[in-house]
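Following: one structure in structure tokens, then a few remarks.
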Amino acid sequence: MKEKTILKLKLNTDPRWVNIAEKNIEDILVDHAWCEQKAASTGISMIIHYPEKTRLVAELTDLVAEEWSHFERVLLELRKRGYPLGRPRKDEYVVQLLAHVRKGGTRERQLMDQLLVSALIEARSCERFKLLWQNIADQDLSKFYYELMVSEAAHFVSYVDLAKEYADPAVVDARLQELLEIEGEIVTNLPVRDDRMH
């Protein structure tokens with residue numbers, strides 16, 4: 001998978017991250033579990049706020065179910081290793097991205113920003129899952145992260161397609177480029193953490 005082509009990310013993850021992550025796999029799995037829970041909650045929130053958007057409701061209903069199944073699968077990986085779930089932690093990466101969802105304006109513009117920020121979170125998760133798939137020694141986890149990498153790439157595409165359903169595609173593409181630049185700056189400025197998926 002060529003991230004820069006499919007996911008359009010401006011910056012690849014620091015290669016040190018996967019080595020640090022592997023040494024702290026309990027923390028990474030706990031953080032990953034909560035990321036999946038939050039992804040499902042985000043989809044539910046958008047359904048609640050935009051119930052009149054028929055395609056959005058249909059597609060996000062499927063996406064929520066898939067994200068929740070991922071949450072359950074990460075819980076299983078934790079249990080297999082004798083690790084508790086642990087408490088959720090503040091995800092500074094997501095907090096900083098969400099700060100760029102513009103307030104005011106039309107509901108459609110807010111929805112576009114919400115969908116595109118969600119797309120970028122999926123893209124970054126996909127890129128990190130690829131690193132884990134290719135580099136982690138635990139073969140069960142390697143296979144697990146390959147499967148989730150494929151799923152997250154599909155979610156990125158779905159969110160961008162939904163944005164283009166409800167806004168001018170040219171406007172969506174321009175805004176996506178803006179947010180990709182912002183996302184790259186966020187990743188550049190955040191420290192490499194040993195206990196975070198993002």
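Readers should treat all values here as calculations from the given coordinates under stated rules, not as data from a laboratory. Computed from a predicted structure; not experimentally measured. Don't worry about glycine lacking a Cβ; one is built from the backbone with ideal geometry, like all the others, and counts go over all protein chains shown.
Name the long-range amide H neighbours of Asp91: under 5 Å, sequence gap of 5 or more, or other chain; modelled H, no Pro or chain starts.
Result for Asp91 returns nothing.
Once the convex hull of the alpha carbons of region 74-185 is built, what does its volume come to per residue, in cubic angstrom?
Spelled out: Cα convex hull of region 74-185, divided by residues, is 122 Å³.
Sort Ile48, Ile28, Ile136 so the one with the fewest other Cβ atoms within 10 Å of its own Cβ comes first.
Ile48, Ile136, Ile28
Quick check: Cα centre of region 136-153 to Cα centre of region 30-90, how many Å?
Using only Cα atoms, the two centres lie 17 Å from each other.
In sequence order, what are the phi-derived ³J(HN,Hα) couplings for region 72-88 according to the Karplus relation 6.51 cos²θ - 1.76 cosθ + 1.60 with θ = phi - 60°, rounded to whole Hz, with x for glycine and proline?
Couplings: 5, 5, 5, 4, 4, 4, 4, 4, 4, 9, x, 9, x, 5, x, 8, x Hz.
Quick one: work out Rg over Rh on the C-alpha atoms of region 139-198, Rh as Kirkwood radius.
Answer for region 139-198: 1.09.
If a paramagnetic tag sat 7 Å from the Cα of Ala99 along the Cα-Cβ line, which residues of region 158-198 would have the backbone N under 19 Å from that point?
Answer for this model: 178-193, 198.
Which value, in debye to the nearest 20, gives the size of the charge dipole of region 21-189 about its Cα centre, when Lys and Arg are +1 and Asp and Glu are -1 at the Cβ?
Here the size comes out at about 420 debye.
For the residue pair Ile44 and Asp138, what label-to-label distance in nm results when each label sits 7 Å from Cα along the Cα-to-beta-carbon direction?
Computed distance between label sites Ile44 and Asp138 equals 2.7 nm.
Can you sort Thr54, Thr61 from fewest to most other Cβ atoms within 10 Å of each residue's own Cβ?
Ranked by crowding around the Cβ, least crowded first: Thr54, Thr61.
Using only the alpha-carbon atoms, what does the chain span along each of its principal axes? Please give whole angstrom values in decreasing order.
That gives 47, 31, 28 Å along the principal axes, largest extent first.
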